[in-house]
1. With r as the distance between the Cβ atoms of B:SER69 and A:HIS48 and R0 = 25 Å, compute the FRET efficiency 1/(1 + (r/R0)^6) and round to 0.05.
2. Given 0.36 nm per residue, what is the gain on full extension from A:THR150 to A:GLU111 after removing their alpha carbon distance, in nm?
3. So how do B:THR225, A:THR61 line up by other beta-carbon neighbours within 10 Å, fewest first?
4. What is the mean number of Cβ atoms from other protein chains located within 10 Å of the Cβ atom of each residue in peptide A:127-133, rounded to a whole number?
5. Label points 7 Å out from Cα along the Cβ direction at B:ARG202 and A:THR30: separation in nm?
6. Across peptide B:9-18, how many C-beta atoms of other chains are within 10 Å of each residue C-beta, on average?
7. If I take R0 = 22 Å and measure r between the Cβ atoms of A:VAL59 and B:GLU62 in this structure, what FRET efficiency does the formula 1/(1 + (r/R0)^6) give, to the nearest 0.05?
8. If you count, for every residue in B:145-152, the Cβ atoms of partner chains within 10 Å of its Cβ, what is the mean?
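Derivation of every value follows stated rules applied to the coordinates shown; laboratory data play no part. Here the structure is a predicted model, which means the values were calculated and not measured. As a convention, Cβ positions derive from the backbone with ideal geometry for all residues, glycine included, and neighbour counts pool all protein chains shown.
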Amino acid sequence: MASGDPAASAAFVRRYQARVFGLAMTIVDTPAIAEEVAQEAFVRAWKHAAAYDPRRGRVATWLLAITRNAAIDAVRVRRDRPIDPADAVILLDRDGAPPGPGFEDAEELREALAALPEVQRRPIVLAVYYGLPLAEIAQIENVPVGTAKTRLRRGLIRLRAGLGVSDE
Amino acid sequence: MSDAPGCAHAREQLPELAAGVATGEERGTALRHVAGCPDCRRELDAYARTVDDLLLLAPEIEPPAGFESTVLARIAPDADGPTPRPAPRRRPGAAWRRWSLRVASLGAAAALAAGTVWWQTAPDRHLAQGYKRTLNVAHGSYLTAGALTVSSSTWGTGYGQRAGTVFGYQGDPSWLLITVEYAPVAGRYGVIVVTDDGAEHRVGHIRVGADGGTYGTVVKVPIQTISSVELTRSDAPTLTAHLKY
């Protein structure tokens, strides 16, 4: 994308725009704002393309992490809209479209996430999608911070175990 | 699994670290350990990949018509892209607009006051008006901003991560406003202004907590001569913002 080749730029945007906009919509839940967030994500990706390290993951997850950060910025500004983790959980649990070529393992992750107890899944969604600190997660979940922390930790450990990732 | 000292404690923190919810102290302690422990670093990478991959689960939704051309137009000035639109001055992005409007909520009085200025928030509907008022009343000529990022990897992960924003206002007086949303280590950071001639000017300290921090100060050097602003702490990565585009 950083090549400066217009055709390559267009192809890049076309390839990932549905993913980027979909994630932005999942987090901000307003089409106009999601569109602005998605645009901002591509612009940031363009400007920081040199920071992308292929050894650390595929370009889609890098781009989606940028999108998530831009969306979190937007959500923080809109304090009028309370965060409802149920929105995202429903989307994550739904029988959605297949993840597409090259992302088959994402379906495995979706199954692992769906298999988690809800009390572990919600803190993960709140942290990973909305970027909330533990104190806010605990407040939303109406549990002590230590409990929220334990649930998140156990959930992530189970997710990894569900994916067959070992410690070795 | 490694039995290196500190591994057990650090590994307990890795899921929170990867999810970005570890508190400042925990994050600092764990990162210091991970920086010197390849086993734990691999473990953290594995958690981080799992967390990143979770973002792939959001549904794909086609954006509205015109999205692609708008994006290409926005990146074209930097990329010599395909759009025939003449390249304007750097178009402020959403984040810039948002933050610059927030800055405006400081109000003209704060901008003109001698000494330190502090961050305030205000309802969005008042912000645009406040922005104009600030520039008009303060006879300001220049408002700029730069992303604050983790600029050294000495202490482990986080390099390149967005940490906040630095705003510079050229007026009478001129000031800097620093907002930190994320720092690998919480605590007190020295604020250093680096000017074009390479000179370093210490302009105070910012306290960064688990929820970030904000610091504002009047500066004597012209804003246009500032090349970067650094937040430094002996046991943490330096956070740097470049104000020149």
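1. 0.70
2. 11.9 nm
3. By the 10 Å Cβ count, ascending: B:THR225, A:THR61.
4. Neighbouring Cβ atoms belonging to other protein chains average 5 per residue here.
5. The answer from the label model is 4.4 nm.
6. 3
7. 0.65
8. 1
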